[in-house]
Structure formats: structure tokens, C-alpha cells
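Peer 1: Below you will find the structure I want to go over with you.
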Amino acid sequence: MTKTILVLGESGTEEASLTRAELAKYYEEKVSYYKNAPINLVYIKFVICLVDHSSMVFNLNNVRIKMEKWSTKTLGTQPLEKMSAFFNKRAESYREVHLGHVGIESKQIIASFLPSNVKSIIDFGIGTGLELEEIFKRFPSIEVIGLDVAKNMLKLLRENYPTQNIKLHNDSYLTFDFGKLLYDVALSVMTLHHYTHEVKTDLYRKVYGSIKPNGLYIECDYMLSEHQHENPQEMEDFYFSEYERLKEEQGITDDGEYHYDTPCTVYNQKKMFVEAGFVNVREVWQKENTVILLADKQAK
Ligand SMILES: C[S@@+](CC[C@H](N)C(=O)[O-])C[C@H]1O[C@@H](n2cnc3c(N)ncnc32)[C@H](O)[C@@H]1O
């Protein structure tokens, strides 16, 4: 049976300069690892931007390799980088690169989900504050508490919003004590697709405790949805197993935060919110792999 391997790429990789014949040889070795994979479609990251290989299809040992353009946020063979180092290094180009992948629409629409009486929000993984532009247009005097591990991202945020009411903490939202019953809305945008179910569910419990009764949690993230994928659970499992494989290959044994995309299915996301105590969990927006979910905290 022929298996299809979808090869996803990133610029700057050494193989980008190889000829087609050299590439075929190069992949032979990679393919030997994947050809026994229990699924038909696997994702490997290699080539792309320097040479356009998107039309190439190889047939090697009954494995069909199809090259497809993808963003930088895919599986990889590159060394895993600590989360803060990854974003510190890329802060200057973040806006252009990130919006090139996901577009501005998801950032802008978030403001429309905030209740009209909102006074304060906490934003996890606030980055350079792309999602704040529309929020400040709608609520100029809103108080924003932002957390991020990457200080260079926060520095740019400050430059972008010099006069607004923003308190920033250069810390991890996984460990930082952000208090109880303090905020009208909690928000996370494109930041939680790096963590396991356990880590996220613990965080959601903390988030639940931190917002006021009747408060709202908004999560916009890279998720695997049934509208987009035939078998989202299989993909989720594969991403997590690839992450473990890379950590093992690179001798990483600590529980530190590394930049690697492990998106979860929309179904699992909703389940985690419910486990943490949220009610009325709903999907309100989706474009390609970007999904926005809302969840309520009921008044006690
Ligand atoms: C893709 S960026 C998103 C930034 C912004 N929310 C946006 O949508 O443009 C992810 C951000 O989450 C931050 N981040 C990831 N894990 C974090 C953690 N455990 N604690 C705090 N910030 C974290 C990263 O440093 C990065 O700035």
C-alpha cells in the first residue's frame, strides 16, 4: 500500500540548496523512519522558502512524498529552543511573520466578544499585543494585565501602547500567581498550543479562579478541527509523539517550556474547559486552523 507523506517546510534549512536528485536521496533516509508509521499521512518538516519544492512528488520505496508549503510552525528536526529564547530572538520580525501566517482578522475580532461592561482583562502570552489594538479602540480605558516569558516581546508592546493602562509581568503564566476573582475577562491568543492537556487543564483551573463570577474566558488558538481534518485526534497524537521523539533525540529531560507546536483538537479543548469548571463552552469563530472558543464562569 502506498503511504503519503506530506513534507512541510521552513526556510533556512540546509536541504533547501539541494538539487531534486539530491533531495530524493536525502529523504530516503528520513522516509525509512516514517514508513512504518501506523497512519497514512505524516508530517515532516523540511525545505521550502529558499527553493520552491511545492510541486515535487517523489516515490521512494512505496512511500509517496509530497512537498507542500506550510508555515514555520510545524514539526521539525531543528534543535528545540526554550520558549523565551525563541520569542526573544524573533520579537522584531514577529508581527510581520506571524500575521503573514495567520492574518490580522483573528486578532481584531476578539474585541467584539468582550462584554460591553468589561473593565479589566488578563492576557496570557500577550506578546507584542497584537490583539490589543481593537480592544483599545473599543475600550480605551480598559485595564490590561499581561504575562509573557519573552521580555523582548513585552518591550515592543510597551512601545506600541505607551499611554494605555497595561501592567506587564515578564513571567510564565504556568507558575505565576495571578490572583483570585480579579478580572472580568481572561484571554489567551495563540500561546497555548505548546502545552499538554494536564498542563493546560491546571492552568484553566487557575484562570477560572482568577476571573470574577459571570466572567468570561476567551481562547484563540491553533486547534485541530473536524471541519479541517479527517482525523484530528490522530494528528494531535502525532504532534505530541513527535515532540517526545525530538526531546529524546536531543537529550532533553527537563520539564522546561520549549517552543514546539502541539495543537489539540477542538473537542479536547472544550473538554478541558469543562473539567476546569467552565460552562457554556462554545466555538464562535474559525478560519483555517485558528479557532476561537468562549467559556463562561457562572455566578455562584
Ligand atoms: C505566538 S505568540 C502570541 C502573542 C500574542 N498573544 C499574539 O497573538 O500576537 C506566543 C506568546 O506566548 C508567550 N508564551 C508562551 N508560553 C508562555 C508561558 N508559559 N508564560 C508566558 N508567556 C508564554 C511567548 O513568549 C509568546 O510571546
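Peer 1: Would it be correct to say that Gly129 is part of a loop (DSSP other than H, G, I, E, B), at pLDDT 95 or above and surrounded by 23 or more Cβ atoms within 10 Å (Cβ to Cβ)?
Peer 2: yes
Peer 1: Within segment 278-298, is there a residue that is of a type outside the set (Gly, Ala, Ser), in a helix (DSSP H, G or I) and over 16 Å from the mean Cα position of the chain (by Cα)? Quick ask: steps written out before the conclusion?
Peer 2: Keep residues of segment 278-298 that are of a type outside the set (Gly, Ala, Ser), which gives 278-294, 296-298.
Now drop any that are not in a helix (DSSP H, G or I), which leaves none.
No, segment 278-298 has no match at all.
Peer 1: Can you tell me which of Asp254, Asp237 is within 16 Å of the ligand (Cβ to nearest atom), over 25 Å from Glu105 (Cβ atoms) and either modelled with pLDDT under 85 or out of contact with any Leu (no Cβ under 9 Å at 6 or more places or on another chain) (or both)? Explain how you work it out, then say what you get.
Peer 2: Values: Asp237 fails: within 16 Å of the ligand (Cβ to nearest atom).
Residue meeting the stated conditions: Asp254.
Peer 1: Considering only residues that are more than 9 Å from the ligand (Cβ to nearest atom) and of a type in the set (Phe, Trp, Tyr), which ones fall in segment 161-206?
Peer 2: Tyr161, Phe178, Tyr183, Tyr204
Peer 1: Quick test of your reading of the structure: Asp296 fulfils all but one of (1) out of contact with any helix residue (DSSP H, G or I) (no Cβ under 7 Å at 6 or more places or on another chain); (2) at pLDDT below 90. Name the failing condition by number.
Peer 2: So Asp296 meets the others, but not (2).
Peer 1: I would also like to ask the following. Return yes or no: is Asp221 touching a strand residue (DSSP E or B) at 6+ places or on another chain (Cβ under 9 Å), of a type in the set (Asp, Glu) and within 16 Å of the ligand (Cβ to nearest atom)?
Peer 2: Yes, satisfied.
Peer 1: Moving on to the next point. Glu134 - would you say it is away from the ligand (no atom under 14 Å from the Cβ), part of a helix (DSSP H, G or I) and either buried (at least 22 other Cβ atoms within 10 Å of the Cβ) or of a type in the set (Asp, Glu) (or both)?
Peer 2: Judged against the criteria, Glu134 is not a match.
Peer 1: Moving on to the next point. For segment 189-221, which positions are closer than 23 Å to Arg95 by Cα and either aliphatic (A, V, I, L, M) or in contact with a Leu (Cβ under 9 Å, 6 or more places away or on another chain) (or both)? Let's see the steps before the verdict.
Peer 2: If we filter segment 189-221 for residues that are closer than 23 Å to Arg95 by Cα, which is where we start, we get 189-195, 218-221.
Hits for segment 189-221 are Val189, Met190, Leu192, Tyr195, Ile218, Glu219, Cys220, Asp221.
The values are calculated or read from the model by the stated rules, or taken from the named source; none is laboratory data. Predicted, not measured: the structure shown is a model, and the values here were computed from it. Glycine gets a Cβ as well: all are built from the backbone with ideal geometry, and neighbour counts include every protein chain shown.
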